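Presented below is the structure to which this report refers.
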Amino acid sequence: MIDGAVREDRLRLGGDPSTRVAVAGDSFDFGAADIHRVLHAGDKPAVTVHVYSPPLWRMGAYEIEPDGGLQRHSVSYAEELRPIESAGR
C-alpha cells in the first residue's frame, strides 16, 4: 500500500470471508490458487501497487450473485480494471 487503506477478503465457502485491512506501508501476498477481493476501506483515496511474478496473462473476476453464488469472468490483463457488465441484468 502506498497511501490510504484497502480491505482484502479471502473468500470461503459456507462462511464469512477472512478479512484484513492494509494501510500505507503494508504488503501482503497470496498463492496462485487463492481467491480474494480488494475493496476501498477508508475516507481518502487509496493507491496500491500490484506486482505478479510470473506475469499474469489472464485474471479471473468473480461476481457474487444475490443467492451467494460466484460467477467467474475471465479477463485479460488489458481489461482487468474495467467494470464487469452483467449480461442480461
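The values are calculated or read from the model by the stated rules, or taken from the named source; none is laboratory data. In this text, all values refer to a predicted model and were calculated from it rather than measured experimentally. Reconstructed Cβ throughout: ideal geometry from the backbone, glycine too, with neighbour counts over all protein chains shown.
Please enumerate the residues belonging to region 64-77 that are assigned to a loop (DSSP other than H, G, I, E, B) and either loosely packed, with under 12 Cβ neighbours inside 10 Å or modelled with pLDDT of 75 or more (or both).
Pass one, region 64-77, residues assigned to a loop (DSSP other than H, G, I, E, B): 65-69, 77.
Once the filter is applied, which keeps residues that are assigned to a loop (DSSP other than H, G, I, E, B) and either loosely packed, with under 12 Cβ neighbours inside 10 Å or modelled with pLDDT of 75 or more (or both), region 64-77 yields GLU65, PRO66, ASP67, GLY68, GLY69.
Every residue in region 21-46 that is assigned to a strand (DSSP E or B) and more than 23 Å from ARG72 (Cβ to Cβ), please. Even if it seems obvious, please write down each step before you answer.
From region 21-46, those assigned to a strand (DSSP E or B) are 21-23, 36-40; that's our starting set.
Within region 21-46, VAL21, ALA22, VAL23 meet the criteria.
Say we look at region 19-63 and pick out the residues that are surrounded by 10 or more Cβ atoms within 10 Å (Cβ to Cβ) and in contact (Cβ under 8 Å) with a residue 40 or more places away in the chain; which of these is farthest from ILE2 (Cα to Cα)?
Filtering first and then ranking leaves TYR62.
Out of curiosity, is GLU80 charged (D, E, K, R), surrounded by 10 or more Cβ atoms within 10 Å (Cβ to Cβ), at pLDDT 75 or above and closer than 20 Å to VAL6 by Cα? Write out each step before concluding.
Values: charged (D, E, K, R): yes; surrounded by 10 or more Cβ atoms within 10 Å (Cβ to Cβ): yes; at pLDDT 75 or above: no; closer than 20 Å to VAL6 by Cα: yes.
Against the criterion (charged (D, E, K, R), surrounded by 10 or more Cβ atoms within 10 Å (Cβ to Cβ), at pLDDT 75 or above and closer than 20 Å to VAL6 by Cα), GLU80 does not qualify.
Run ARG12 past the list (1) closer than 19 Å to ILE64 by Cα; (2) in contact (Cβ under 8 Å) with a residue 24 or more places away in the chain and report the number of the one that doesn't hold.
(2)
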